[in-house]
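The values are calculated or read from the model by the stated rules, or taken from the named source; none is laboratory data. The structure displayed is predicted, hence computed values, not measured ones. Backbone-built Cβ (ideal geometry, glycine too); neighbour counts: all protein chains shown. Heavy atoms of the whole protein, side chains included, go into the accessibility calculation; ligands, DNA and RNA do not. Shrake-Rupley method; radii C 1.70, N 1.55, O 1.52, S 1.80 Å.
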Amino acid sequence: MLEILRVPVLRDNYIFVVVAADKRAAVVDPALAEPVQQLLTSRGLNLAVILHTHHHSDHIGGTPQLLQQWPAAEVWAAASDRERIPLQTRGLVAGDALNLFGRSMQVLDVPGHTRAHIAFYLPPTDTEGPELFCGDTLFAGGCGRLFEGTAAQMWDSLQQFAALPGNTRVWCAHEYTEANLRFAVSQELDNEALKQRLQQVQDLRARGIATVPSSIELELATNPFMRCDQKELQAITGFQDPAAVLAEIRLRKDQF
């Protein structure tokens, strides 16, 4: 079975370390090298592969230094973003089926935040549940800013996530949950599940406890960006098309 470790860095980033029973490790979106090096060294782990969801510096910044210590490690990233993720050893495209330490892993093409954003999905097995490393496309209670993509692209990307099993654990790359849910409550005033989630998250954060991972089921119930086809949000925004609803609530969130 694989173990997933969460490493908080910078102000609100998470790096994820996936550990196999044979002491091999994969690192997802290493913003910095030092915390990863300390963790791997302290546990006697060997870095085998680095996974990148997109090119932003707070997701790839630690890779060069990690490769200095583990030069044989592979770097998997979007083939279409090779210029901005130059150290990749394996270029990936949507639909690629990978093997991560004996566990199958699928590549999803999820543009919106950036034009070449990908996500990594591990389907369930007989003994392990499904896992999603979604980078900055989906956040707990929110979604990424539309830096390079369109609202229609983001909606399509989020719909790919919505189709995953409800118990899929969502490993999003930032601790934005409380702020996202404060905004969400301002939009969906009658969503009792959302109000309860906000209270739970505020209690967790007051105690310094992380709110990641989330789950697909929880996001479908309480994340307005996953609910743009719902009548309440359509009425609030004045739009019927889910992409137009998403564009409007993304604009409101940017100004919140």
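Sorted largest first by accessible area at a 1.4 angstrom probe radius, with every protein chain in place, the residues Tyr176, Tyr121 fall in the order Tyr176, Tyr121.
In the full protein context, the chain carries 43 Å² of accessible surface per residue, based on a 1.4 Å probe and ignoring ligands, DNA and RNA.
If the segment from Glu178 to Arg90 were pulled out straight at 0.36 nm per residue, it would be longer than the present Cα-Cα gap by 28.1 nm. Between the beta carbons of Ser104 and Glu217, assuming R0 = 35 Å, the FRET efficiency works out to 0.95 to the nearest 0.05. For Lys231, a cut-off of 13 angstrom between C-alpha atoms picks up these aspartates and glutamates, skipping any fewer than 8 places away in its own chain: Glu188, Asp190, Asp241.
Remark: the stretch 220-231, residue by residue, has Karplus-estimated 3J(HN,Hα) of 5, 7, 9, 9, x, 6, 8, 10, 5, 9, 8, 4 Hz, where x stands for each Gly or Pro and the curve is 6.51 cos²θ - 1.76 cosθ + 1.60 at θ = phi - 60°.
Placing pseudo-labels 7 Å out from each Cα toward the beta carbon at Glu128 and Leu5 gives an inter-label distance of 1.6 nm. Ordered by solvent-accessible area of protein heavy atoms (1.4 Å probe), largest first, the residues Ser80, Ser214, Ser186 come out as Ser80, Ser186, Ser214.
Protein-only accessible surface at a 1.4 angstrom probe places the residues Ile60, Ile249 in the order Ile60, Ile249, largest first. Ligands, DNA and RNA left out, the 1.4 Å accessible surface of the chain is 50% carbon and sulfur atoms.
Dipole magnitude for the chain: about 460 debye, using +1 per Lys or Arg Cβ and -1 per Asp or Glu Cβ, origin at the Cα centre. Taking θ as phi - 60° and the Karplus parameters 6.51, -1.76 and 1.60, the scalar couplings of the stretch 195-203 work out to 4, 5, 5, 4, 4, 4, 5, 4, 5 Hz in sequence order, x denoting glycine and proline.
Between Ser42 and Glu192, the simple label model (points 7 Å from Cα in the Cβ direction) yields a spacing of 4.4 nm. The aspartates and glutamates whose alpha-carbon is closer than 15 Å to the alpha-carbon of Lys195, local same-chain residues fewer than 8 away aside, are Glu178, Asp203, Glu219.
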